[in-house]
Amino acid sequence: MTLIIGRKTINFNDIFSVVFYSNKVICDPASLEILKANEETKLISKEEIEEEKKNILKENKITKIEENLINEFLENQQFKRIFSRASILILLIKVLKGSFARIEIAQFLSDLLNNQIHPVILFENETESVINFIQIFNGVGDIISSDGSKKSLSEELQKFEMKPPGITLKEYQAITHTIFISLAIAAINGSICEKIFDFADLSSALSCEAFEVDPEPFDMKFNDHSRIHKMQSKVASNLRDLLEGSRISKAKNYSNKQSKEKTDKQNQEWEQKQSTSFAHISQYHGAARSLASSAVLLIKMELDSCENFGISQDEKKQKGNKKSRKPTLSLNSGAGIFSKEPITQSMIVIQSVISSFYNGCINRSTKITEKIQKENEKEYKNQMVLKTEKLQKEMNELEELSRKKSLEMNKQDSKQEIFDTNSFPLETGIYTFFVLKKLIEIIENEVVISMYILDSKQEELEPPTLPLGLGTKSFWLYICEKADSGEKKKPGNYYQYMNQLVSKELNFFEKQEFISWLTVLFAGSNKIKKLVPPKGTRDFGPFQMRIREKVFDIIKSVFKKHGAVEIDTPVFELKETLLNKYGDEGDKLIYDLADQGGEALSLRYDLTVPFARFFANNGFKDTKRYHIAKVYRRDTPSAARGRYREFYQCDFDIVGNYERLFPDAECLSVTTEILQQIPGIENFVIKVNHRKLLDGMMEVCGVPKQKFRTICSSIDKLDKEDWKKIKQEMIFEKGLDEETANRIGKFVEMKGNPFELLKNLRDGKLLEGNKSAELALEELEILFNYCDYLGILKKLSFDLSLSRGLDYYTGVVYEAILTDSLGSRVGSIAGGGRYDDLLSMFSNSRQKFPAVGVSIGIERIFTIVEQLEIQKMKNQQKNINDYDSDLVRVNEADVYVVSIGKSPLVAQQKLRIVKSLWDSQIKAEFSMAKKPKVSDQITYALENRIPLIVLLGDDEIEKKIVKVKILKIKEEKEIPQDQLIDFIKKQLEK
């Protein structure tokens, strides 16, 4: 695989493949074209660079990296090669993104990678390392050969006919400010970090199998539903997929006799042990992934950054003094000063994250080792314990060294000795590298111990008979394929052999095959993933779609009967269009989309705001419209209450200057008509209130004006929570005093007959003198009279607790709820109100356009109708031969043509009859099976409640008739073929 390097973002998978597996690279031609603009050809000599290095080290007193830190790194040829390749790759990326160098520099770096020429990097400190590295452009330095020995760089370049490009002053100054060496070690750590997550999940799953852990703690109800934490959900999902189908990891159902005989106390201790060591894997790993992802993201941002290198102050002085021509490198040279602090901090975060993984691995390894009880296995058990303790001690020592270095760095920062922190990013990066390497060893140790325990259940390392999970079984088979059964069978050799095998085959730094396999495993290519719809959404089968079609038809017919016209708008809008329209709570539920080209976009929250924008864009005129479409909210889903994140809304709106409150009354009439026509929604009431009445109520109770809307938002929750909770929210979260809250409580308890409550409010003079409230009461009286004339007043309830939390409402508001037992479960089934100011927000003239509308809560209605139809179907299934025309039919065919016999003539005539039915606009169906049985055809027609069955066989063809079964009246008639169409039409009309 060849990687194209250019100005586009590069991911850590690509970096990993080039650095660890020596994949080749090519430079993007478009990026090379940009580099042609750099025509400066005057080069700096290697002597000048060496002299400058001496001056810098002398003037700035740069601290060297501690030798004890890098000894192991310097001694390991593999690590040196990895680091050299990473440094070359990161510099190449920076050269192509920054456009500060000549083409020759980019081509030289890519040739080094492709020819596997790895210059030796001297770890003195970052500044000195960079200057030494720069000398490779002059052909100076050594390389790491394949056998680990040092060779001359110049000789290796000659071997590949490569000519050193030299380096210009501009290139010199730019490269020394790219911190590419620190970025190289950070990129190595970031790429390992991303790979190690899934490996840790895999080892955890193996431990669960070995320890016979019940996988219930990884269930969706504990992770996805109750704890909305993205990474925790991901880890839990990984563990579920790995353990799917496992019977060995269900301790309660798969236990030996000894565990079944445990006492209650022992069982309790066992459950506690399981809980602390295994049940919290998703929480620990999830939190660690989140933190590590933020650190890795920071490294990615640094890799993608493109600095604009101008002329430094030193260079400007040199231009003024033509005799001066020496390059300068100091902390103040170059156009930009790049802080290494973020890189250092990202490494420290990764180190801290590793603790979550390694502590869990150590604990689980210890717990699993305790399961070994056989006398002949004690030697292995001791070896496992010793190795686990050794790894733990080594990791603790590394962490202690890292803590000391962090304290030293903080001490230097507090003294503001900036030059003395020069080595910290590189040093911290090397610490992090060794911590990650040690974590891999600890995970491998957990894998070996788990494999040993599982293997003890069978005699040979062959495809297992153990009932492992799909993912763990896949890993077991992968290891089995790599194993030498002869080595495994040698007495006393298995544990040592497994150590060697796992260390060899799971080597992150050499085995590309394992990394690829691990990627495929978690990508779901082996089909261990069970794909389900996202939370808060659902799939709809034919039955549900038929119910939806039936309900939509009712709603549309009412909308059209009232003269409404249909419109549609995009499913997403500009974010600014939607924000600040739905109140504090509503704005939090808006789904934002990733930037796809400079526009901040969000999925529509409702259909009203998009309609307001549509109305403004298409000219302002009086209109009556309806809109049926999907909307999206980041709400907590509840299928039982019909609350989803993706759902339909059915909106009806009237815009224009009409007789006061006529449109409001018509919206209430539309709502009543729709709900009365939908089966199962007979018992409902429409609560009515007025926003100005609420404002007056707030003012009378003593609520500060700036808190009107936020208190209304709390009142709006009264249909979900009791007054006690709402009162506490007002006092403790929104800063309202208790006396004011108590006054509000008295008002929101008032509800009942519209005219009676209206009279009580006026007679009680509770709102007397408040202009806003008095205007609202006047409008409500007019509205109630209109509703009385329309014959819908009996369906209304005047309710002072109704708020409708959306900020855009300005007048009458209403909400329909069920009054039977279903009401408490599904909530409101329709709602709306007047929003006179919303449309003016999208008008340059700020002219007011009176508007009022209603939205039908269709998803909740679907839930009710669906349950009703399911119950009907259950009753119908008691006798399949009974036909009920009121039942929802998924298959709308009115006629089913049944062929009797296998004669080709029957098949021909069957097709002719079906074609004549279709031509007559009659819905018809027939079996396309090869040699269909008569009983199967009739059963299909009965199950799908197709009202008419036409039977055709050789006898019927000879007599030129067909037999027609009429299911509704359970009769069968013989009809001449030429009269069949007329007969069927008459039957369907009945």
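The values are calculated or read from the model by the stated rules, or taken from the named source; none is laboratory data. This one's a predicted model, so the numbers in the text were calculated from it and none came from an experiment. Neighbour counts run over all protein chains shown; Cβ positions are idealised from the backbone, glycine included. For accessibility, only protein heavy atoms count, side chains too; no ligands or nucleic acids. Shrake-Rupley method; radii C 1.70, N 1.55, O 1.52, S 1.80 Å.
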Do the alpha carbons of any pairs in Lys561/Lys794; Lys874/Lys930; Lys705/Lys794; Lys560/Lys771 sit beyond 30 Å of each other, and which pairs? Lys874/Lys930; Lys705/Lys794; Lys560/Lys771
Of Lys42/Lys170; Lys687/Lys872; Lys687/Lys707; Lys550/Lys963; Lys910/Lys990, which ones are farther than 20 Å apart at the Cα? Lys687/Lys872; Lys687/Lys707; Lys550/Lys963; Lys910/Lys990
Using the Karplus equation 6.51 cos²θ - 1.76 cosθ + 1.60 (θ = phi - 60°), what ³J(HN,Hα) coupling, rounded to whole Hz, does each residue of segment 113-119 give in order, writing x for Gly and Pro? 5, 5, 8, 6, 9, 10, x
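Within a Cβ distance under 9 Å of Asp635, other residues only, what is the Lys/Arg minus Asp/Glu net charge?
Working: positive: Arg633, Arg634, Arg643, Arg645; negative: none.
With Lys, Arg at +1 and Asp, Glu at -1, the net is +4.
For segment 589-725, just say rounded, prolate or oblate: build the C-alpha gyration tensor, square-root its eigenvalues into a ≥ b ≥ c, call rounded for a/c under 1.5, and beyond that prolate if a/b exceeds b/c, oblate if not. Mind dumping the intermediate values first?
On the way: a/c = 1.20, a/b = 1.09, b/c = 1.10.
Verdict is rounded for segment 589-725.
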SASA check, His280, accessible area w/ 1.4 Å probe, all protein chains in place, rounded to nearest 10 Å², comes out at 60 Å²
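Leaving ligands, DNA and RNA out of it, rank Leu818, Leu589 by accessible area with a 1.4 Å probe, largest first. Could you put the intermediate results ahead of the total?
Details: Leu818 10, Leu589 40 Å².
The most accessible residue leads, giving Leu589, Leu818.
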When a/c reaches 1.5 or more, the comparison of a/b and b/c decides; with that in mind, is segment 100-173 rounded, prolate or oblate per its Cα gyration tensor? oblate
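Quick one: putting +1 on the C-beta of Lys and Arg, -1 on the C-beta of Asp and Glu, what dipole do you get for segment 665-707 around its Cα centre, in Debye to the nearest 20?
Values: 5 positive and 5 negative charges, 72 e Å.
Dipole about the Cα centre, nearest 20: 340 debye.
Report, in debye and to the nearest 20, how large the dipole of segment 693-829 comes out about its Cα centre when Lys and Arg carry +1 and Asp and Glu carry -1 on their Cβ. Don't jump to the answer; show the numbers that get you there.
Values: 20 positive and 24 negative charges, 45 e Å.
In debye, rounded to 20, segment 693-829 gives about 220.
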Using θ = phi - 60° and Karplus 6.51 cos²θ - 1.76 cosθ + 1.60, couplings along segment 953-959 (whole Hz; Gly, Pro as x): x, 4, 5, 5, 5, 5, 8
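What size of dipole, in debye to the nearest 20, comes out for segment 532-670 about its Cα centre when the only charges are +1 on Lys and Arg C-beta atoms and -1 on Asp and Glu C-beta atoms? Before the final figure, lay out each step's value.
On the way: 23 positive and 22 negative charges, 114 e Å.
Its charge dipole is roughly 540 debye.
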Would you mind checking Lys588/Lys630; Lys24/Lys159; Lys8/Lys94 for any pair whose Cα atoms are more than 21 angstrom apart? none
Using a 1.4 angstrom probe on heavy atoms only, work out the carbon and sulfur share of the accessible area of segment 932-990 in %. 46 percent
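List the relative contact order of segment 86-156 as a percent without decimals, with contacts defined as Cα pairs under 8 Å and 6+ residues apart. Spell out each step's value before the answer.
On the way: 60 pairs, mean separation 16.2, N = 71.
Relative contact order comes out at 23 percent.
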Area of Lys150 that stays accessible when all protein chains are in place (1.4 Å probe, Å², to 10): 130 Å²
With every protein chain in place, what's the accessible area of Glu397 (1.4 Å probe, Å², nearest 10)? 100 Å²
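How do Arg538, Arg743 stack up against each other in accessible area, from largest to smallest, with a 1.4 angstrom probe? If you can, show how the numbers build up before the last one.
Numbers: Arg538 60, Arg743 85 Å².
Order by accessible area, largest first: Arg743, Arg538.
Suppose R0 equals 56 Å. What FRET efficiency, 1/(1 + (r/R0)^6) with r the Cβ-Cβ distance, do Glu377 and Ala907 give to the nearest 0.05? Walk me through the intermediate numbers first.
On the way: r = 71 Å, r/R0 = 1.27.
Result of the calculation: an efficiency of 0.20.
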Inter-label distance, nm, simple model (7 Å from Cα along the C-beta direction), Glu768/Leu531: 7.0 nm
Classify segment 519-661 as rounded, prolate or oblate, taking a ≥ b ≥ c as the square roots of the eigenvalues of its Cα gyration tensor: rounded when a/c is under 1.5, otherwise prolate if a/b is larger than b/c and oblate if not. oblate
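Can you give the FRET efficiency to the nearest 0.05 for Leu32 and Ser290, using r as the Cβ-Cβ distance and R₀ = 41 Å? If you can, show how the numbers build up before the last one.
On the way: r = 39 Å, r/R0 = 0.95.
Plugging the Cβ-Cβ distance into 1/(1 + (r/R0)^6) gives 0.60.
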Linear extension gain, Leu3 paired with Glu549, 0.36 nm per residue minus alpha-carbon span: 191.4 nm
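Quick check: with the 1.4 Å probe, what order do His229, His562, His285 take by accessible area, largest first? Intermediate results must be reported in sequence, preceding the final value.
Values: His229 65, His562 35, His285 5 Å².
Listed by decreasing accessible area, they come as His229, His562, His285.
Provide the gained length on full extension for the span Glu958 to Lys848, in nm with one decimal, where the gain is 0.36 nm per separating residue minus the Cα-Cα distance. Write down the numbers at each step before the final one.
Working: separation 110, 0.36 × 110 = 39.60 nm, distance 7.71 nm.
Stretched fully, the Glu958-Lys848 segment lengthens by 31.9 nm.
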